[in-house]
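Quick note: the coordinates plus some simple rules give every number you see, no bench work behind them. As the structure is a prediction and not an experimental result, all values here were calculated from the model. Note that each Cβ is placed from the backbone with ideal geometry, even for glycine, and that neighbours are counted across all protein chains shown.
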Ligand SMILES: [Zn+2]
C-alpha cells in the first residue's frame, strides 16, 4: 500500500486529502489514514487529477519507428503527465484493420510501453468490399473505435468516399467511428494556389473541413461518430448542433493561427492546418465552456532535419509532437490564466475521453476500486519548453521557448510512479498495459 498525503483534488470544500492505494484506489479521505507498513508520499498541497488521457497519438510502431516508437512516445507521455494514450491505426505497418494485425502490433509495442495504452482500429478503401466479420472481430478484441479518413496521403491507408462512409455507418450502428474530416474535392480544387506556407490554410480550408463534417453528419442518423482534430469554428458549430457526434481539438488550434505558419513552417505544419484568429478564439471558448468533448494532441513526431527542414513547403512532413506538452499548456492557459474550473479541466483531459471510448471508470476517475492513475501538477513551478529536450524522436515544437506557469510533478500509473520531476523516469519499459474497451 501507498499513501499520498496533503494533496488537492476536485472536491467541494477545497480541503487537502489523503489517498490510499495499491494498483487501485482504496480510500480518499480528508482525515488522517492510519496504516502501518506503507510508503508515504507527501505532495505538499500540489494538485492531483485523474491520470490524463491523450486519445489521439501516432507512435508509429511497428513500421515507421524512425519517426517514433513506443519507447520514445510513451516516455514523452510520461514526462507530460499522460497515463493512457490511444494510438492510431494508420501509422503502423501493417495497419490495425484486423485481429491478426492488432495482435502483431500488441506483441511488438507492449514490451516498450511505459504508460497504459489502447488502440484505434481503422477502415480503409483498401478493405472494400467490407468483411463484416473482420470488423466485428476487431471491435470485439477491444479497440476503442474505427478511424476513417475522407482524405489521405497514405497508400497503405486510403480514404473512403462518402458513399462508402454511409454504407459503413449503416452496417455497424454499435461501433464508434472517428473521422479525419477534410473534403478531398475542395482541397484538390484549391490546389490552384501555390503550395506555400502562406496558402496552406486556404488550400486545406475551413470550407473543406466544414463540407466533410456536414456530409458525414447528413447520413449519420443514429451512428456513433467522433470528429478528430477539429480546427475551425464553422465545423465545430455544426457538430455542436448534432446530438450524437462528439469532437476533439488540439493545443496547436488553441494557440496558433495561419499567420504563424510562414514563420514556424515545419514546426507547425500538420493536417488540418491551424486556421484563423476567429477559429482559435471560438475553440478556446469551447474549452472554457466545456463545449468541446476533450483535447488530444494528434502527436506525430519525426526527424526535423530530414523531414521538416525544406524550403519547399509542400515537401514538409505533417505532424507535431505534443503529448509531452498538452497538460502543462492546458493548465497554464486555461486553469490558471482563464480560470476554467477544475471539474471542466478533468473532463477535457481524461473523463470525457474515457467515457466516449469505453474505458471509464477504470480510467478517467478517482473512484474507489478503479486504477490508481494520477497526474500531479505543480501549479507553483513554471516550465519553459525546450524543444531540444523533448523525449519524442521529434525534437521540435511550435511551443519552443513558451513559458507555462505550471509543470508536471508526477505521473502515476496503476499505483507506480512512472515519472517524477526530480528523478525522471522510474520504471522500465513494459510496465504499460493494453486497456481493452469495456
Ligand atoms: Zn492524427
### Stretchable slack from residue 402 to residue 341, in nm (0.36 nm times residue separation minus alpha-carbon distance)
19.7 nm
### Task
For residue 34 and residue 104, compute 0.36 nm times the residue count separating them, minus their Cα-Cα distance, and round to one decimal in nm.
20.6 nm
#### Entry: Anisotropy class of region 51-356 from Cα gyration tensor, a/c 1.5 cut
rounded
## Note on the structure
Relative to the chain, whose Cα atoms define the longest principal axis, helix 70-79 and its Cα axis are tilted in degrees, nearest 10, by 50
### Task
Only residues of region 28-66 count here: report those whose backbone N is under 11 Å from the spot 7 Å along Cα→Cβ of residue 306, or say none.
65-66
## Note on the structure
The helix 99-109 Cα axis meets the longest alpha-carbon principal axis of the chain at an angle in degrees, between 0 and 90 and rounded to 10, of 50
#### Entry: Sum of -39500 (n - 2.57) over DSSP H runs of 4+, divided by residues of the chain (222 nm, nearest 500)
-6500 deg cm²/dmol
#### Entry: Top of 110, 380, 427 by mean-square fluctuation, Gaussian network on the chain, Cα under 10 Å
380
#### Entry: Of 163, 84, 196, the one that fluctuates the most in a GNM where the chain has Cα springs shorter than 10 Å
163
### Summary
The value for region 252-296 (convex hull of the alpha-carbon atoms, volume per residue, Å³) is 67
### Query
Roughly what % of DSSP beta bridges within the chain run antiparallel, to the nearest 5?
45
### Task
Can you tell me the relative contact order of the chain? Whole percent, Cα pairs under 8 Å, sequence separation 6 or more.
21
### Query
Using alpha carbons only, how many degrees (0 to 90, rounded to 10) separate the axis of helix 277-288 from the longest principal axis of the chain?
40
